[in-house]
Amino acid sequence: MNAVINLSFLLQSAMLGVGLAMDAFSVSLANGLREPRMGRGRMAGIAGVYALFQYLMPLLGWVCVHTVMETFTSLKWLIPWIAFALLGWIGGKMLFEGLRERREAGEEPPTRKPLGWGDLLMQGVATSIDALSVGFTIEQYNFGTANLAAGIIGAVTLVICLAGLALGRRAGTRLSRHASILGGVILIAIGFKIFLEGVLG
């Protein structure tokens with residue numbers, strides 16, 4: 001650690017966390033819509049997965065900058081494609097399930113299969129993969145300071161995602177028949193947004 005750790009550093013790391021967590025927040029909202037009866041333990045687990053990836057990706061980017069920068073830079077163009085493919089796949093599945101439920105729905109709201117951990121891990125990668133580029137912005141830090149910055153980003157993500165899950169769960173109770181469709185559309189839209197930002201940016 002060094003003198004770079006001050007109020008400015010903490011605020012900058014927190015603001016990076018807020019910016020990077022917005023996609024994860026939207027995905028959390030979609031997952032809350034999909035599972036309106038989600039328990040607190042599952043909420044903590046889902047938010048924890050997103051927070052873990054948001055912690056690991058900037059740190060991995062920092063390592064890449066300090067070891068294989070040329071290779072990392074040449075592969076940056078893949079990031080928006082990967083995010084779009086993963087979120088498009090998961091969102092498409094949710095949208096298909098929602099449309100099928102609407103056709104088959106009777107008087108009772110449909111009972112949905114909870115989001116699998118495989119899909120959750122793909123969401124974690126998709127919503128955090130752009131955070132690899134943060135490795136460039138913290139490149140001047142030593143490993144300990146970079147690790148602290150990534151930890152702050154992960155902690156901010158955890159809080160924001162818990163809020164997203166809670167909001168989605170509350171809305172999902174009221175929109176149970178359409179929640180899976182809405183959640184799928186949200187995921188596809190987020191993937192498309194990441195793609196456009198990566199390609200046009």
*In whole Hz, with x marking every Gly and Pro, tabulate ³J(HN,Hα) for region 52-65 from phi via Karplus 6.51 cos²θ - 1.76 cosθ + 1.60, θ = phi - 60°.*
4, 5, 5, 6, 6, 5, x, 5, 5, x, 4, 4, 4, 4
*Where the centre of each part is set by its Cα atoms, how far does region 130-158 sit from region 5-58, in angstrom?*
14
*Separation between the ALA44 and ALA171 pseudo-spin-labels, each 7 Å from Cα along Cα→Cβ, expressed in nm?*
2.6
*What is the distance, in nm, between label points placed 7 Å from the Cα along the Cα-to-Cβ direction at HIS66 and at LEU78?*
2.3
*Just the Cα atoms of the chain: what Rg and Dmax do they give in Å?*
17.9, 64
*What number, rounded to the nearest 500 deg cm²/dmol, is the helix-based mean residue ellipticity at 222 nm of the chain, given -39500 (n - 2.57) per DSSP H run of at least four residues and division by all its residues?*
-27000 deg cm²/dmol
*Full-extension gain in nm, ALA85 to LEU52, via 0.36 nm per residue minus C-alpha separation*: 9.8 nm
*Which ordering of GLU35, GLU197, GLU97 is given by a fewest-first count of other beta-carbon atoms within 10 Å?*
GLU197, GLU97, GLU35
*Given a cut-off of under 8 Å on Cα pairs at least six residues apart, what relative contact order in percent is computed for the chain?*
52
*Determine the sum of side-chain charges near GLY32: Lys and Arg each +1, Asp and Glu each -1, restricted to other residues whose C-beta is under 11 angstrom from that of GLY32.*
+4
*³J(HN,Hα) computed for each position of region 190-195 - Karplus, 6.51 cos²θ - 1.76 cosθ + 1.60, integer Hz, glycine/proline x*: 5, x, 5, 4, 4, 4
*Label points 7 Å out from Cα along the Cβ direction at GLN12 and ASN142: separation in nm?*
1.7
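None of the figures in this text is laboratory data; all of them are computed from the coordinates on show. What you see is a predicted model; the values in this text were computed from it and never measured. Backbone-built Cβ (ideal geometry, glycine too); neighbour counts: all protein chains shown.
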